[in-house]
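*Asks:* Following this message is one structure expressed as structure tokens.
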Amino acid sequence: MSSFKSPRGVRDILPPETARWRALESQFAGVCERAGYGELVSPMFEDAGVFARLGEDTAVVSKEMYDFFDKKGRRMALRPELTASAARAFIEHHPEVPWKVWYSGPQFRYEQPQAGRYRQFMQVGIELFGVDDPHSDVEVIALGWEFLRSLGLQDMTLLVNTLGDSESRSAYAGVLGDYLAESELSEASVETALKNPLRVLDSKREQDQQVIAGAPSCLDHLTSEAADRFAAVRSGLDALGISYEVSPRLVRGLDYYTHTAFEYVSNSLTSAQNALGGGGRYDGLIEALGGTSTAGIGFALGADRILLACDTEETFLLSETLLDVFIVDITDGQAALTLSQELRSAGISADRAWGSRSLKAQMKAANRSNARFALIVGTDEQASGTVSVKDLETSQQTQISQDAIVEHLQSRLKQL
Ligand code: AMP
């Protein structure tokens, strides 16, 4: 019989590493909830039309969507990102604004797998609907930055840019389009330039890089309102002491993006995988999805990449001790059965050995488990109603009455 493997581009995350993923999510939840964002849980698949609005000519929609027809012949898609789903939910439930939500979960894109690029990957993010105050841009950018810093990441750069309002944007698109028409672009980008010149700036193709580097800057084509707004965002970041680089080539190619765009880059990862996340203001999105015009801004961060950056910066690593206690019972196994239950109900994490093995074999298992203490029950302990508590770090051992064991462990664990 042939055995199965996980599909190409997706992977299993096994314990104990999973604990790190949960810790990342809970850290993110804490940062968001302290700023008044509540969790949004939306479906993993939607009517494919929800995502089609991201732009039929974007790679995410045209080539990378996991779409399928359901049993009634409706075209569905696994979500490639969460902003469109959040906007769909906003229109469907018309919550009071400002609507501040955070989310976390897997996204699906049929991409070419490589280091840091998967077909199922995990994102955390926020969206803020119904506010267009420049300080709301600052709040959103700062929240992502502070979250990444709270993981201990230091070697990062924050890139910010503005596309301005729709007037600035279309003036720039015209100038850029003319410039690109005269340039030696890759074949694929020539086609993109005809549909949406801004999207060419997102090209990672080698042949396009020189053209992109010499492209006119969007900052030279801002209306004075748009320039003032960008200045207000920058001075808000300055007031919070968050340093950033203005990067005029940083654009979001989708038509409903206006004003602020930003990206968090890790300097400790190679350029193919160094984007930890990014976001921008999308004041045209709700309307594009059929709702009434509503301002919006948000970001999405890639957890897979964030953890890679944590590995290289040696921060937010797995804590070594996961278990409080490992029970070694070399009598008849009754003590292991009842003690593990008693300790767990008292909030002490406890595991045990199986199979009535020798003291030596069970102590080996205790050491491997990374527990803080081993509780040993041998014939002596059984006869005297006691348990030996061995500190697995210092090897010190004390004998405690079984009745007092919970209290004893609680006080010792508290002292750690
Ligand atoms: P995007 O939704 O394309 O703006 O992506 C936001 C972030 O999600 C990126 O900066 C990456 O950190 C992460 N990301 C996007 N695509 C992938 C992928 N295929 N595999 C792993 N992470 C990804």
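The values are calculated or read from the model by the stated rules, or taken from the named source; none is laboratory data. Just so we're clear, the structure is a prediction, and the values are computed from it rather than from any experiment. Neighbour counts run over all protein chains shown; Cβ positions are idealised from the backbone, glycine included. Please note that ligands, DNA and RNA were not included when accessible areas were found on the heavy atoms of the full protein model with its side chains. Shrake-Rupley method; radii C 1.70, N 1.55, O 1.52, S 1.80 Å.
*Asks:* Can you give me the number of residues within segment 121-131 that are surrounded by fewer than 20 Cβ atoms within 10 Å (Cβ to Cβ) and either more than 8 Å from the ligand (Cβ to nearest atom) or without any contact (Cβ under 8 Å) to a residue 24 or more places away in the chain (or both)?
*Replies:* The number of residues fulfilling the criteria is 2.
*Asks:* Of (1) among the charged types (D, E, K, R); (2) open to solvent by 10 Å² or more (accessible area, probe 1.4 Å); (3) closer than 26 Å to residue 120 by Cα, residue 281 satisfies all except one. Which?
*Replies:* So the condition that residue 281 fails would be (2).
*Asks:* Test of understanding: among 346, 336, which residue is open to solvent by 10 Å² or more (accessible area, probe 1.4 Å) and either among the small types (Gly, Ala, Ser) or out of contact with any Cys (no Cβ under 8 Å at 6 or more places or on another chain) (or both)? I'd like the intermediate steps shown before the answer.
*Replies:* Values: 336 fails: open to solvent by 10 Å² or more (accessible area, probe 1.4 Å).
Exactly one of 346, 336 is open to solvent by 10 Å² or more (accessible area, probe 1.4 Å) and either among the small types (Gly, Ala, Ser) or out of contact with any Cys (no Cβ under 8 Å at 6 or more places or on another chain) (or both), namely 346.
*Asks:* For residue 306, are the conditions met, namely being among the β-branched types (Val, Ile, Thr) and closer than 30 Å to residue 147 by Cβ? So that I can check it myself, show each step before the final result.
*Replies:* Numbers: among the β-branched types (Val, Ile, Thr): yes; closer than 30 Å to residue 147 by Cβ: yes.
The answer is yes for residue 306.
*Asks:* Among what's in segment 380-416 and is under 16 Å from residue 334 (Cβ atoms) and of a type in the set (Val, Ile, Thr), pick the residue that is surrounded by the most Cβ atoms within 10 Å (Cβ to Cβ).
*Replies:* Checking each candidate, the answer is 387.
Let's see how each residue does on (1) away from the ligand (no atom under 16 Å from the Cβ); (2) over 22 Å from residue 230 (Cβ atoms); (3) of a type in the set (A, V, I, L, M):
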{"site": "254", "(1), (2), (3)": "no, no, yes"}
{"site": "257", "(1), (2), (3)": "no, no, no"}
{"site": "267", "(1), (2), (3)": "no, yes, no"}
{"site": "276", "(1), (2), (3)": "no, yes, yes"}
{"site": "289", "(1), (2), (3)": "yes, yes, yes"}
{"site": "306", "(1), (2), (3)": "no, yes, yes"}
{"site": "311", "(1), (2), (3)": "no, yes, no"}
{"site": "314", "(1), (2), (3)": "yes, yes, no"}
{"site": "318", "(1), (2), (3)": "yes, yes, yes"}
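*Asks:* Could you list all residues from segment 301-314 that are open to solvent by 20 Å² or more (accessible area, probe 1.4 Å), within 16 Å of the chain's Cα centre (by Cα) and either closer than 27 Å to residue 259 by Cβ or in contact (Cβ under 8 Å) with a residue 24 or more places away in the chain (or both)?
*Replies:* Here is the first cut: in segment 301-314, the ones open to solvent by 20 Å² or more (accessible area, probe 1.4 Å) are 305, 308, 311-314.
Now drop any that are not within 16 Å of the chain's Cα centre (by Cα), which leaves 305, 308, 311.
Of everything in segment 301-314, those that are open to solvent by 20 Å² or more (accessible area, probe 1.4 Å), within 16 Å of the chain's Cα centre (by Cα) and either closer than 27 Å to residue 259 by Cβ or in contact (Cβ under 8 Å) with a residue 24 or more places away in the chain (or both) turn out to be 305, 308.
*Asks:* Here's a follow-up. Of all residues in segment 132-155, how many are crowded, with 17+ Cβ neighbours inside 10 Å and either free of Cβ contacts under 8 Å to residues at least 60 places away in the same chain or within 16 Å of the ligand (Cβ to nearest atom) (or both)? Walk me through it before giving the result.
*Replies:* First, pick out the residues of segment 132-155 that are crowded, with 17+ Cβ neighbours inside 10 Å: 134, 136-145, 147-148, 151, 153.
Then keep just the ones that are either free of Cβ contacts under 8 Å to residues at least 60 places away in the same chain or within 16 Å of the ligand (Cβ to nearest atom) (or both); that gives 140-141, 143-145, 147-148, 151, 153.
Number satisfying all stated conditions: 9.
Listed here are the residues, each with its yes/no results for (1) at pLDDT 95 or above; (2) closer than 24 Å to residue 7 by Cβ; (3) within 16 Å of the ligand (Cβ to nearest atom).
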residue: 73; (1), (2), (3): yes, no, no
residue: 78; (1), (2), (3): yes, yes, yes
residue: 81; (1), (2), (3): no, yes, yes
residue: 91; (1), (2), (3): yes, no, no
residue: 95; (1), (2), (3): yes, no, no
residue: 99; (1), (2), (3): yes, no, no
residue: 102; (1), (2), (3): yes, no, yes
residue: 107; (1), (2), (3): yes, yes, yes
residue: 114; (1), (2), (3): no, yes, yes
